[in-house]
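Please treat every number below as a calculation from the coordinates, not as lab data. Note that this is a predicted model, so its numbers are computed, not measured.
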Amino acid sequence: MPRRRTSLKSNRVNKRKHTRNLKVKGQLKKTIKKFQELLTKETITEAKTFISKVFSQLDKAAKKNIIHPATANRRKSRLMRRLSKTA
């Protein structure tokens, strides 16, 4: 257990950030899974409208440094490639 006030505060901040990051990552995983389900069901028109939501969440997570920006770009590229293959 840390003794200094700054260490105690940094532990509190880290805990808050950790819970926020987990929440954002969980939501991101859910939306990507939903998008992939739309692709497997071959509802391409719905998938095309839904991909903007996925891209938005990926960009926001990258902006908040929850995931690396290159990771977000790579995931967007792969999802777009899957969409164009099924369409």
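Computed over the alpha-carbon atoms, the chain gives an Rg to Rh ratio of 1.19, Rh here being the Kirkwood radius from the mean inverse distance.
A simple rule links phi to the HN-Hα coupling: the Karplus curve 6.51 cos²θ - 1.76 cosθ + 1.60 with θ = phi - 60°, which for the range 11-21 gives 5, 5, 5, 4, 5, 4, 5, 4, 5, 5, 4 Hz, with x for Gly and Pro. Where a Cα-Cα gap under 20 Å defines reach, which lysines qualify for Lys9, not counting those fewer than 8 residues away within the same chain? Excluding near neighbours in sequence, the set is Lys17. Per-residue extension of 0.36 nm, minus the Cα-Cα distance of Gln36 and Arg78, leaves a gain of 14.0 nm for this segment. Computed 3J(HN,Hα) for the range 37-43, one whole-Hz value per residue from the Karplus formula 6.51 cos²θ - 1.76 cosθ + 1.60 where θ = phi - 60°, is 5, 4, 5, 6, 7, 6, 9, glycine and proline marked x. With the helix formula -39500 (n - 2.57) applied to DSSP H stretches of n ≥ 4, the chain reaches a computed 222 nm mean residue ellipticity of -30000 deg cm²/dmol.
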